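Written below as structure tokens is the structure these notes are about.
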Amino acid sequence: MANDDAFAIVGASLAGASAAQTLREEGFDGPVVLIGDETELPYERPPLSKDYLMGKSGREKLYAHPAQWYADNNIELRLGQTVTGIDRGAQEVIVAGDGQQPYAKLLLTTGSSPRRLAVPGADAEGVHYLRRVEHSDQIKTTIDAASRIAVIGAGWIGLEIASAARAAGVEVTIIEVAELPLLRVLGREVAQVFADLHAANGTDMVFGAHVTEIGVRDGRADGVRLADGSHIGADAVIVGVGITPNVGLAADAGLTVDNGVVVDAQLRTSDPDIFAAGDVANAFHPLYGKHLRVEHWSNARHQPRAAAKAMLGQEVSYDRVPYFFTDQYDLGMEYAGYVEPGGYDRVIFRGDVPGREFIAFWLGSDGRVLAGMNVNIWDVNDTIMAIVRSGRPADPAALEDPSVPLESLA
Ligand SMILES: Cc1cc2nc3c(=O)[nH]c(=O)nc-3n(C[C@H](O)[C@H](O)[C@H](O)COP(=O)(O)OP(=O)(O)OC[C@H]3O[C@@H](n4cnc5c(N)ncnc54)[C@H](O)[C@@H]3O)c2cc1C
């Protein structure tokens, strides 16, 4: 049993590993206990729908650190263990089948889980969700054996899986309730770029579609039935309809939960000794003056560093501009900023949109750049972030004109 001066971290994935690393880098020499219910070393998930899924990179590339790193840094890594409760009075977490783990400070990096589809047939064999490395392995096996698959949900994960499946020569139908892929996140102008990309790569897309049932034959999914009565045949069905934060522990412990574990800009929950970071945290963002829950890799990397510093009593205020990226077919992009669904006035393009080599800027009604996305153009995202962060109204003509250096707009 570790000492009660331990700093405990629940959730041994990217965010948890990042926090543990920062505690040591900041000179904390007390016990650090990192507990996770998966049996893999803490790993990064983005490759699970990209290179790893396509067999282009191996499992060892996923890991945040090699096993030896945890030993070298005296981090007690407890894998395959589920935390079932937090006793805030006693300052300990309850580990299923393994008693209590006391803590002086506790960090929750419990992440999120795929939202389940609630229609008949959704539990049949051949219906897949993607969150963990074993899911990616199963989907790869499925893609290798299938001649056609259906993907429900044209969000980032659905589109990336579709791209991997097309690369493997599989017929793909994407089924989406909205009129375009990524419509809520990107708005119509840029969502159309992704619709065109997938169409150009031979994916069938059905928009405005309501799934009523997964067809099942002999216990296996054989397609998707829609509200208009049509049936889309498929050898397997992949569901990517969003995620929900894993807030159960926090909620049961009486911490404030609202679209994630509610934390301040120091990543502190309603209990001063408990912090949260990564996908699970709905954190106050000083730049936007409100709480944001960011479900992306960069946030899972950087936010726990701030949380670790706050656990050590340092003054922090986590205010990084949200960032994410995707790779689909020959399109790679980075996005920096934050726009509420429909919360922009216009989009300005700089560069070649049909050729998919451009930068898009989302402008607010006050002329400020709310977000920017560089598509197949590299080494500009820091400047885009600086433009977003500046909060100044930008000249649309200058944003559009590639002869105007981006740096001059930051
Ligand atoms: C397939 C895929 C592709 C992605 N691609 C991109 C991308 O291209 N770009 C991008 O920006 N982001 C991407 N993301 C998002 C990014 O991976 C996540 O934002 C990131 O993984 C969040 O990290 P986290 O550590 O907060 O949570 P998670 O990665 O969800 O880890 C939380 C961990 O805590 C464990 N846990 C939960 N509850 C308990 C408990 N009670 N006891 C013990 N352990 C527990 C979970 O099992 C899990 O291991 C992708 C995600 C997926 C799934």
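Observations
- Positive end of the dipole of segment 279-410 (Cβ unit charges, origin at the Cα centre): among Ala371, Ser408, Ala300, the Cα lying farthest that way belongs to Ala300.
- Amide hydrogen neighbours beyond the local backbone of Ala122, cut-off 5 Å, H modeled: Ile214
- Efficiency of FRET from Cβ geometry, Val177 and Ile94, R₀ 41 Å, rounded to 0.05: 0.55
- Estimated inter-spin distance, Arg346 and Arg220, nm [label 7 Å along Cα→Cβ]: 5.4 nm
- Using a Förster distance of 30 Å, the FRET efficiency for Glu26-Asn376 (Cβ separation, nearest 0.05): 0.20
- Accessible surface, segment 283-410, averaged per residue in Å² (probe 1.4 Å): 44 Å²
- Convex hull of Cα atoms in segment 196-293, direction-averaged projection (nm²): 10.5 nm²
- Carbon-plus-sulfur accessible fraction, the chain (probe radius 1.4 Å, protein heavy atoms only): 46%.
- Share of alpha-carbon pairs per 5 Å distance bin for segment 293-410, given as whole %: 2, 11, 19, 22, 18, 13, 8, 4, 2, 1, 0
- Residues Val353 and Ser403, FRET efficiency given R0 of 22 Å [Cβ-Cβ distance, rounded to 0.05]: 0.80
- Separation of the Ala71 and Arg188 label points, Cα + 7 Å toward Cβ, nm: 6.0 nm
- Percent of beta bridges antiparallel (DSSP, segment 254-316, rounded to nearest 5): 60 percent
- The residue list Met333, Tyr288, Ala310 was ranked by how far each Cα lies along the charge dipole of segment 288-410 toward its positive end, using unit charges on Cβ atoms, and Ala310 comes out on top.
- Average Cα contact separation per residue, the chain, under 8 Å, 6 or more apart, as relative contact order %: 14 percent
- Dipole magnitude of segment 183-272, debye to nearest 20 (Cβ charges: Lys/Arg +1, Asp/Glu -1, about Cα centre): 60 debye
- Pairs of Lys in the chain closer than 24 Å at Cα, counting only those 8 or more apart or on different chains: 6
- Of the GluC sites (Glu not before Pro) found in segment 2-86, those that fall in a DSSP loop while having at most 13 other beta-carbon atoms within 10 Å are Glu26.
- Normalised Debye scattering of the chain at q = 0.06, 0.07 Å⁻¹ gives log10 I(q)/I(0) of -0.26, -0.36, counting only Cα atoms as equal scatterers and leaving out solvent.
- Length released on extending from Tyr288 to Leu312, taking residue separation times 0.36 nm less the Cα-Cα span: 6.1 nm
- Largest mean-square fluctuation among Gly126, Gly313, Gly215, in a Gaussian network model of the chain whose springs join Cα atoms under 10 Å apart, belongs to Gly313.
- Rounded to the nearest 500, the 222 nm mean residue ellipticity of the chain from helices alone is -6500 deg cm²/dmol, with -39,500 (n - 2.57) taken per DSSP H run of at least 4 residues.
- Fully extended contour minus Cα-Cα distance, from Thr256 to Leu79, at 0.36 nm per residue: 61.0 nm
- Rolling a 1.4 Å probe over the protein heavy atoms gives segment 88-197 an accessible area of 39 Å² per residue.
- Relative to the current alpha-carbon distance between Asp51 and Thr212, full extension at 0.36 nm per residue lengthens the span by 54.7 nm.
- Most fluctuating residue given options Asn73, Asn374, Asn246, as computed from a GNM of the chain linking Cα atoms under 10 Å: Asn73
- When the charge dipole of segment 106-157 is built from unit charges on Cβ atoms (+1 for Lys and Arg, -1 for Asp and Glu) and taken about the Cα centre, the candidate among Ala122, Ala145, Trp156 whose Cα reaches farthest toward its positive end is Trp156.
- The chain: most fluctuating residue of Ala118, Ala12, Ala394 per GNM, C-alpha cutoff 10 Å: Ala118
The values are calculated or read from the model by the stated rules, or taken from the named source; none is laboratory data. A quick note: this is a predicted structure, and the numbers were derived from the prediction, not measured. For neighbour counting, all protein chains shown are included, and Cβ atoms are generated from backbone atoms with ideal geometry for every residue, glycine included. Side chains included, ligands, DNA and RNA excluded: accessible areas come from the protein's heavy atoms. Shrake-Rupley method; radii C 1.70, N 1.55, O 1.52, S 1.80 Å.
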